[in-house]
Amino acid sequence: MSTRLFILFFLLLNLDVNAQESNSRSYAIAYYAAYGYQPGVLLKAEQLLGMKKAPAYGNESSKTFPFLAIELGSYAHFQNNAYLSLGFQAGLRRIGTKERALNLFISLAGQRTQHLINSYTLDADGNLSELGKTGSFAFLPGIGVGFGGNQGVRLQRGFRPYVNFRTQFQIPYGHRYLIHPMLELGVFFGQNR
Amino acid sequence: MDYLNKFSSSVYINFLFLGFLLLQSSCNGVIEPNTDERFFFHHKGAELAVQVDGDVSSKVFILFLHGGPGGSGYEYNSGTYTNLIEERFAMVYLDQRGQGASQGNFGINELSLQLFSDDIAALAKLLKKKYGEDISLFLAGHSWGGLTGTHALLNTEVQADLKGWIELDGAHDIPLLNRKAVSMFHFYAEQEIADSSSYTAEWQEILDFVKGVDSLKVSDDESGKINSYGFDAETYLIDQSKVPNDSESKAWAFLHSPIAPLATLIGNNTANTIEGESETTSLTDRLGEIKIPSIFVSGKYDFVVPPSLAQSAYDKVGSSEKELHIFPNSGHSPMDTEPDSLATILINFIEAHK
């Protein structure tokens, strides 16, 4: 893991902790997969900003909150690459009536791409050189929409399911960038009361 | 705060462990030495994806170049013909630069036929270093792979590393290809319209199009339409009930492909970038410089790369040992329509020159 990723992680952690007087912090674990079939896991800690107490949003009234999350994700494309990313997600959550929630968000992460197969090259003398399982660093901006993970009345309950659909851009890739359509299917749990 | 820190640290460590396990399990199940190996070849900024399948112990390798541009070696790594060939020899499926699962980091303005040729020549060297200097290596190219393969034969030293050249419906001269395709469209369209075939309206549309084409000055747009109509035309002439329906294998391939589906956008970008040079490159007059044993294969109903190109290549190639095969029930992909026959003639050619 590069130094840059650690710095980013702690900056985001600090940002999250500074909002501790709020009682709307949650954590999530999700099945995190490109195209739905390249499997992985996503962990995140999320803070709804501006919610001081746990009101019953999602019952009779609705409101929109900004939210910020730090997230750590990993998934694998077999015979190709494994990906490990660390970054943040920011967006808006509309907590509506009937316990429905809608999320719109952007994300940015640093990504370590690790080949799952060996690499070879020819050195300057034309000899075979085995490079092992090489990897590279990429940036991973993304944009997405999601449903569920209601932070209103469901604050009183244990697990709150949600689904996010996200498009991420792996930059650089080849002479361009690679688009990853991601499925994030998970549950929020816990809050700091 | 402490709670959060402890939680984050614990999760982070567990997460890394999970990722490590995931990575290890992925690695363990993929590579089976001597039967199925996949690796990246780092060359001039690219990480070229290479799949080696078949009988490596035969010490006979066929380096296969896919079509497109924008295709991949993976598209060719299935079906009867590959199974028959891989029972006896090793096939090396290369995803050429900027296509398929190939990756890396290089400037798009660097793309040129010479760079593709350099990749091919360097991979031939690498295969000899990896599997032994005594291996028998053949180069094969289909469609646009026929252009990059021929270009490599003429513009690098790769012939010295090869036992033979296999060109399948190869597009080594696209200006000539367009002229021949226009002639072929005229011939078949007029014949099918006169015979009131089931596709009379479609043939009339093609005929109307080619009547407006100056075959000595084909625009990029017209060239694209020639290509598109070419795929259509062969479906009008070949009994489609004899063409294998591989919809099930396509679904399987999608779920198991090492190529990210949206990498096709990068392949398209590569295709658009190299299109100008590809469309204007004519190698027919230099084919005499190819001295290694060569075999040219085409489908009788190939409008995408007309069989007259294979005939022309056969006539002009400098090899003393050469073969020409025109498959009577095929269009652009004899590997799909006559796979047994194709495998047989390729195996015979390789056995004769390995």
B:Q99 fails exactly one of the following numbered conditions: (1) surrounded by 23 or more Cβ atoms within 10 Å (Cβ to Cβ); (2) in contact with a Leu (Cβ under 9 Å, 6 or more places away or on another chain). What is the number of that condition? (2)
Condition met for B:S117 (assigned to a helix (DSSP H, G or I), among the polar types (S, T, N, Q) and more than 25 Å from B:D232 (Cα to Cα)): yes
Residue count, segment B:305-345 (criterion: aliphatic (A, V, I, L, M), assigned to a loop (DSSP other than H, G, I, E, B) and more than 16 Å from the chain's Cα centre (by Cα)): 1
Based on what the data block shows, is B:A253 within 14 Å of chain A (Cβ to nearest Cβ), under 30 Å from B:R38 (Cβ atoms) and in a loop (DSSP other than H, G, I, E, B)? no
From B:I274, B:I295, grab the single residue that is within 18 Å of the chain's Cα centre (by Cα), part of a strand (DSSP E or B) and either surrounded by 21 or more Cβ atoms within 10 Å (Cβ to Cβ) or in contact (Cβ under 8 Å) with a residue 24 or more places away in the chain (or both). B:I295
Within segment B:128-146, residues in contact with a Leu (Cβ under 6 Å, 6 or more places away or on another chain), farther than 28 Å from B:P175 by Cβ and of a type in the set (A, V, I, L, M) come out as B:L137
The condition of being at pLDDT below 95, in contact with a helix residue (DSSP H, G or I) (Cβ under 7 Å, 6 or more places away or on another chain), of a type in the set (S, T, N, Q) and surrounded by fewer than 20 Cβ atoms within 10 Å (Cβ to Cβ) holds, among B:S219, B:S215, only for B:S215
Filtering segment B:149-172 down to residues that are more than 16 Å from the chain's Cα centre (by Cα) and not in a helix (DSSP H, G or I), which residue is nearest to B:K128 (Cα to Cα)? B:L162
Against the conditions (1) more than 7 Å from every other protein chain (Cβ to nearest Cβ); (2) surrounded by 15 or more Cβ atoms within 10 Å (Cβ to Cβ), where does A:E130 fall short? Just the number, please. (2)
Which one of the conditions (1) modelled with pLDDT of 90 or more; (2) of a type in the set (S, T, N, Q); (3) part of a helix (DSSP H, G or I) does B:T264 fail to meet, given that it meets all the rest? (1)
Hey, could you check segment A:60-105 for residues that are hydroxyl-bearing (S, T, Y) and within 14 Å of chain B (Cβ to nearest Cβ) and say which is nearest to A:S136 (Cα to Cα)? A:Y83
Mind checking which residues of segment B:339-354 are farther than 13 Å from B:E323 by Cβ and free of Cβ contacts under 8 Å to residues at least 24 places away in the same chain? B:S341
Name the residues in segment B:131-174 that are without any contact (Cβ under 8 Å) to a residue 60 or more places away in the chain and either surrounded by fewer than 24 Cβ atoms within 10 Å (Cβ to Cβ) or closer than 25 Å to B:G331 by Cα (or both), would you? B:E133, B:N155, B:T156, B:E157, B:A160, B:D161
Is it true that A:F147 is over 12 Å from the mean Cα position of the chain (by Cα), more than 10 Å from every other protein chain (Cβ to nearest Cβ), within 20 Å of B:G104 (Cα to Cα) and modelled with pLDDT under 95? no
Just to be sure before I move on: is A:P141 at pLDDT 90 or above and surrounded by 16 or more Cβ atoms within 10 Å (Cβ to Cβ) in the structure I sent? no
For segment B:188-200, does any single residue satisfy the condition of being closer than 18 Å to B:D214 by Cβ, crowded, with 24+ Cβ neighbours inside 10 Å and touching a helix residue (DSSP H, G or I) at 6+ places or on another chain (Cβ under 8 Å)? yes
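The values are calculated or read from the model by the stated rules, or taken from the named source; none is laboratory data. All figures in this text were calculated on a predicted structure; none of them were measured in a lab. All Cβ positions, even for glycine, are placed from backbone atoms using ideal geometry, and neighbour counts span all protein chains on display.
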